[in-house]
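What follows is a single structure, written as structure tokens, with notes after it.
Bear in mind that the values in this text are calculations on the coordinates, not laboratory data. Here the structure is a predicted model, which means the values were calculated and not measured. All Cβ positions, glycine included, derive from the backbone under ideal geometry; neighbour counts span all protein chains shown.
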Amino acid sequence: MTATTIVKTTLPREARLRSASDFSSLRHAPGRIETRYFLIRYGAGSTPQARVGLAISKRVSKSAVRRNRIKRIVRESFRLARDKAPRVDIVVIARTAAADAVNAALREDLDPAWARLKALKPARVPGTIAD
């Protein structure tokens, strides 16, 4: 009998934005990346790792199935890119065109955005000595 290891492939709770204050602080954050299907806002993170929040409204699609599909794709894409991301908080806002896009197109739209985030200089941590 062989022991099997279970690999958890979900986005951990600590990698998600959960409070309303986290979302509201990023709504008007200066960091902005625009893609065909998404608007990504980012700002300095308060945790040692990158966190993501999703804003996929009924304006994007009235169908919950379509909105949930977009959320799953964004979460999975972020989960794969998270270890290379700088310490930032990110809100991904879906555009209306995302509802009709195929899954592969949504993933291809997000990959360059994560690469741009990865290229950011690390945010300064308050209270540290400047180099």
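Across region 13-118, the relative contact order, built from alpha-carbon pairs under 8 Å that are at least six residues apart, equals 35 percent.
Taking every Cα-Cα distance in region 16-68 and sorting them into 5 Å bins from zero, the calculated P(r) comes out as 4, 16, 25, 24, 19, 9, 3, 0 percent. Counting every other Cβ atom within 10 Å of each residue's Cβ, ASP22, ASP109, ASP100 order from fewest to most as ASP100, ASP22, ASP109. Fully extending the segment from ARG79 to LEU120 would add 12.9 nm, taking 0.36 nm per residue of separation and subtracting the current Cα-Cα distance. The calculated FRET efficiency for ARG107 paired with PHE23, based on their beta-carbon distance and R0 = 25 Å, is about 0.60. Arranged from fewest to most other beta-carbon atoms within 10 Å of their beta carbon, LEU26, LEU11 become LEU11, LEU26.
Basic side chains Lys and Arg get +1 at the Cβ, acidic Asp and Glu get -1 at the Cβ, and with that the dipole of the chain about its Cα centre reaches some 440 debye. Cβ-to-Cβ counts within 10 Å put PHE23, PHE38 in ascending order as PHE23, PHE38, the fewest first. Counting pairwise Cα distances across region 1-105, what percent come out greater than 15 angstrom? Percentage above 15 Å: 64. Legend: calculated FRET efficiency, ALA64 to LEU39, from the Cβ-Cβ distance at R0 = 22 Å, rounded to 0.05, equals 0.55.
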